[in-house]
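K.L.:
Got a structure for you, questions after.
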Amino acid sequence: MNIDLVNVPSTAVTCATCKANCCRLEVMLISDTGVPERYIEFDAWGGMSMARLEDGWCAALDRDTMLCSIYEQRPWICREFEMGGYECLEERS
């Protein structure tokens with residue numbers, strides 16, 4: 001078995017080491033997961049996305065813990081974003 005050590009992160013990505021970088025990405029809401037209305041923004045065409053704070057962070061991110069405050073109602077794309085996956089590692093770099 002040949003392992004490409006260049007692409008192996010030096011530290012494991014876990015909830016404890018998460019930098020919540022994905023919480024700065026635009027999150028379109030395409031399915032109903034129960035996201036509370038106060039965290040939803042509408043565009044001019046009626047499209048829905050997660051609300052963002054002035055500094056670009058997701059409004060549902062608890063800034064003290066860097067954890068999602070609506071984890072059980074988080075959007076579908078947030079559920080699909082794999083911790084330590086390709087997209088996660090790209091956002092962390």
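Every number in this text was worked out from the coordinates using simple rules, so none of it is lab data. Fair warning: this is a prediction, and the values are worked out from it, not measured in the lab. Here the Cβ is made from the backbone with ideal geometry for all residues, glycine too, and neighbour counts use every protein chain on show.
K.L.:
Just need the relative contact order of the chain here, percent rounded to a whole number, with Cα pairs under 8 Å and 6+ apart. Mind showing how you got there, number by number?
P.N.:
Numbers: 92 pairs, mean separation 29.4, N = 93.
Taking the mean separation of contacting Cα pairs over the length of the chain, I get 32 percent.
K.L.:
Give me the extension gain from TRP76 to SER93: residue separation times 0.36 nm, minus the current Cα-Cα distance, reported in nm with one decimal.
P.N.:
Difference between extended and current length: 3.7 nm.
K.L.:
At a Förster radius of 41 Å, what calculated FRET efficiency corresponds to the Cβ-Cβ distance of TRP45 and TYR86, to the nearest 0.05?
P.N.:
0.85
K.L.:
Follow-up. How about the range 23-73: which GluC sites (Glu not before Pro) there lie in a loop by DSSP and see at most 11 other Cβ atoms within 10 Å?
P.N.:
Numbers: sites: GLU26, GLU37, GLU41, GLU54, GLU72; in loops: GLU26, GLU54.
Qualifying residues, ordered by number: GLU26, GLU54.
K.L.:
Next up: Expressed as a fraction of 2.2 N^0.38 Å, the rule-of-thumb size for a compact globular protein of N residues, what is the C-alpha radius of gyration of the chain? List each step's numbers first, then the result.
P.N.:
Details: Rg = 15.0 Å, N = 93, 2.2 N^0.38 = 12.3 Å.
Relative to the rule-of-thumb radius for its length, the chain sits at 1.22.
K.L.:
Return the calculated 222 nm mean residue ellipticity for the chain, to the nearest 500 deg cm²/dmol, obtained by summing -39500 (n - 2.57) across DSSP H runs with n ≥ 4 and dividing by the residue count. If you can, show how the numbers build up before the last one.
P.N.:
Details: 2 runs with 12 residues, N = 93.
Using -39500 (n - 2.57) per qualifying helix, the result is -3000 deg cm²/dmol.
K.L.:
Treat every Asp and Glu Cβ in the chain as -1 and every Lys and Arg Cβ as +1, leave all other atoms uncharged, and give the resulting dipole magnitude about the Cα centre to the nearest 20 debye.
P.N.:
Values: 8 positive and 16 negative charges, 43 e Å.
Dipole magnitude for the chain comes out near 200 debye.
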